[in-house]
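Colleague: Here you go, one structure.
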């Protein structure tokens, strides 16, 4: 049995970092960790080949080689997944599909022979057994939350490491919080399940033995969701990193209560974490209360973000507009909030209702759902009727993007961040960083309309914050990506937007 594992195209979003890739000569940011893990669950004797269409196209020769095609996708990849499934069926192949895109909307994917829905550890072996005896069912639905001790080490050998900016691992699944709009609880539950320190270190060692020496993204829903266990892991992870000369700069996702635990932040710094994504969402207490984001309601975000920055970890923030309690004033509030707290990587999106979330069920009961969602929160698509009205929400959102991603305001945030940031990340300078610096000097320092802000930042950082210089270069490059994503969201082509350049945005 030859199995072709195919990962669909990820569209141009904040998380794609598409416009960063040329600076570091990479083809994609992250590999498909789910497919690599599934590949390790399949019988060893089966032939396995991975095609990540974010790296290169699916070739007819790949389909000819395969007996079976397995596709995994998130909602935002649905259109690409549909094309891949259609090609595989035209080639006469058996198609197996799993992942968030298929869990609640499998009617959108005609041509799939077998759906693997939910966490694969308990149901994929059943599918393999049934397939081998010629009795595979159409749908396999997980009914339990598996112990992560059953999760194998991903099959790294299917990757070409040179294609990726960062590799990914997973430590836990689930989150103790239950935000109304979030799909994590529906997908992975409220009780965070974790891998043991021994299992986690064995996985990192396998990556080390395979030759990887660069960034690693711990892709958890909430890395600190099981606080007691993560504090058992971190000292051992720090020792593992130190013994090997700190081969990995780590990033992850966590809730804002991280800032209230100095011991935890110190542990993460010692383990060489340098970035953490936090769902900040909104400065509106009413909207936070509405969506059940209670852990954020009493947080002083200016202090919390500064504290995390002082522990050597850059906060990447998620922000949302479109809650029922949001008024047209929310857009300027969000702008001033983001500028004040100094979150440079501010990923602002429009609220959408993910299937089977509490928000989705409430809006359905209120008769406000409008259909399926694209999975992309920057493309001006809405799958519900917002209380402030569609036009007001989308116009305000676009104006907010114009504001926070103008070079003037973006570079202000970099300086606010650098004023608090105390770098602690350890490790050698890698060739990709030198290449990024050289290319940024031309593409931003000469060609870009942000060139004056760029050079001012470079010289100032060299003089006053030399240890933060590589971070400043990275943020300048990210600014180019975020600007182009924002311009696309505003309906522009990615070239200079005349209203944007003329300063018609909120201003401090």
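The values are calculated or read from the model by the stated rules, or taken from the named source; none is laboratory data. These numbers come from a predicted model, not from an experiment. With ideal geometry, Cβ positions are generated from the backbone for all residues, glycine too; neighbour counts draw on all protein chains shown.
Colleague: Select from region 322-333 the residues that are in a helix (DSSP H, G or I) and either closer than 19 Å to residue 359 by Cβ or not assigned by TED's automatic domain parsing to the domain that holds residue 415 (or both) and list them in ascending order.
Modeller: 330
Colleague: Can you give me the number of residues within region 271-297 that are more than 22 Å from residue 330 (Cβ to Cβ), touching a helix residue (DSSP H, G or I) at 6+ places or on another chain (Cβ under 7 Å) and touching a residue at least 60 places away in the same chain (Cβ under 8 Å)?
Modeller: Count: 1.
So that you can scan it fast, the table gives a plain yes or no per residue for (1) part of a helix (DSSP H, G or I); (2) over 14 Å from residue 348 (Cα atoms):
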position	(1), (2)
373	no, yes
402	yes, no
410	yes, no
438	yes, yes
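Colleague: Given (1) free of Cβ contacts under 8 Å to residues at least 60 places away in the same chain; (2) surrounded by 15 or more Cβ atoms within 10 Å (Cβ to Cβ), identify the lone condition not met by residue 407.
Modeller: Residue 407 satisfies every listed condition except (1).
Colleague: Oh, and also: Count, please, the residues in region 45-78 that happen to be surrounded by fewer than 20 Cβ atoms within 10 Å (Cβ to Cβ), touching a helix residue (DSSP H, G or I) at 6+ places or on another chain (Cβ under 7 Å) and modelled with pLDDT of 95 or more.
Modeller: The number of residues fulfilling the criteria is 4.
Colleague: Go through region 346-378 and count every residue that is under 30 Å from residue 479 (Cα atoms) and surrounded by fewer than 17 Cβ atoms within 10 Å (Cβ to Cβ).
Modeller: 0
Colleague: May I pose another question? Can you spot a residue in region 113-126 that is part of a strand (DSSP E or B), closer than 24 Å to residue 204 by Cβ, in contact with a strand residue (DSSP E or B) (Cβ under 8 Å, 6 or more places away or on another chain) and modelled with pLDDT of 95 or more?
Modeller: Checked region 113-126: no residue is part of a strand (DSSP E or B), closer than 24 Å to residue 204 by Cβ, in contact with a strand residue (DSSP E or B) (Cβ under 8 Å, 6 or more places away or on another chain) and modelled with pLDDT of 95 or more.
Colleague: Would you confirm whether or not region 164-178 contains a residue that is in a helix (DSSP H, G or I) and within 22 Å of the chain's Cα centre (by Cα)?
Modeller: No, region 164-178 has no match at all.
Colleague: Let me ask something else. Count, please, the residues in region 71-94 that happen to be under 21 Å from the mean Cα position of the chain (by Cα) and either on the phi > 0 side of the Ramachandran plot or part of a strand (DSSP E or B) (or both).
Modeller: 2
Colleague: If you don't mind, another one. Given 259, 238, 202, which one is modelled with pLDDT of 95 or more, out of contact with any helix residue (DSSP H, G or I) (no Cβ under 9 Å at 6 or more places or on another chain) and assigned to a helix (DSSP H, G or I)?
Modeller: Sole residue among the options that is modelled with pLDDT of 95 or more, out of contact with any helix residue (DSSP H, G or I) (no Cβ under 9 Å at 6 or more places or on another chain) and assigned to a helix (DSSP H, G or I): 202.
Colleague: Here is a check on your reading of the model: is residue 306 surrounded by fewer than 19 Cβ atoms within 10 Å (Cβ to Cβ), more than 22 Å from residue 200 (Cβ to Cβ) and in contact (Cβ under 8 Å) with a residue 60 or more places away in the chain?
Modeller: no
Colleague: Which of the residues belonging to region 18-44 are closer than 22 Å to residue 481 by Cα and surrounded by 17 or more Cβ atoms within 10 Å (Cβ to Cβ)?
Modeller: Result: 18, 19, 20, 21, 23, 24, 26, 28, 29, 30, 31, 32.
Colleague: A follow-up question, please. Of the residues 324, 300, only one is surrounded by fewer than 22 Cβ atoms within 10 Å (Cβ to Cβ) and in contact (Cβ under 8 Å) with a residue 24 or more places away in the chain; which?
Modeller: 324
Colleague: So, in region 148-186, exactly how many residues are in contact with a helix residue (DSSP H, G or I) (Cβ under 8 Å, 6 or more places away or on another chain) and closer than 26 Å to residue 206 by Cβ?
Modeller: Count: 20.
Colleague: So which of 135, 97, 149 ends up being surrounded by fewer than 14 Cβ atoms within 10 Å (Cβ to Cβ), outside any helix (DSSP H, G or I) and modelled with pLDDT of 95 or more?
Modeller: Of 135, 97, 149, the one residue that is surrounded by fewer than 14 Cβ atoms within 10 Å (Cβ to Cβ), outside any helix (DSSP H, G or I) and modelled with pLDDT of 95 or more is 135.
Colleague: Here is a follow-up. Just one of the numbered conditions (1) modelled with pLDDT of 95 or more; (2) touching a helix residue (DSSP H, G or I) at 6+ places or on another chain (Cβ under 6 Å); (3) under 19 Å from residue 24 (Cβ atoms) is not true of residue 471; which one?
Modeller: (2)
Colleague: From (1) in the same structural domain as residue 74 (by TED's automatic domain parsing); (2) out of contact with any strand residue (DSSP E or B) (no Cβ under 8 Å at 6 or more places or on another chain); (3) crowded, with 19+ Cβ neighbours inside 10 Å; (4) modelled with pLDDT under 95, pick out the condition that doesn't hold for residue 183.
Modeller: Unmet for residue 183, out of (1) in the same structural domain as residue 74 (by TED's automatic domain parsing); (2) out of contact with any strand residue (DSSP E or B) (no Cβ under 8 Å at 6 or more places or on another chain); (3) crowded, with 19+ Cβ neighbours inside 10 Å; (4) modelled with pLDDT under 95: (1).
Colleague: Go through region 101-112 and give me each residue that's assigned to a loop (DSSP other than H, G, I, E, B) and touching a helix residue (DSSP H, G or I) at 6+ places or on another chain (Cβ under 7 Å).
Modeller: 109, 111, 112
Colleague: Still on this structure: Within region 77-89, can one find any residue that is more than 30 Å from residue 18 (Cα to Cα) and touching a residue at least 60 places away in the same chain (Cβ under 8 Å)?
Modeller: No, region 77-89 contains no residue that is more than 30 Å from residue 18 (Cα to Cα) and touching a residue at least 60 places away in the same chain (Cβ under 8 Å).
Colleague: Still on this structure, please answer the following. Among 279, 312, 342, 318, which is the only one that is in the same structural domain as residue 418 (by TED's automatic domain parsing), within 23 Å of residue 185 (Cβ to Cβ) and either crowded, with 18+ Cβ neighbours inside 10 Å or under 22 Å from the mean Cα position of the chain (by Cα) (or both)?
Modeller: It is 318.
Colleague: Does residue 442 fit the bill of being more than 30 Å from residue 311 (Cα to Cα), modelled with pLDDT under 90 and out of contact with any strand residue (DSSP E or B) (no Cβ under 9 Å at 6 or more places or on another chain)?
Modeller: no
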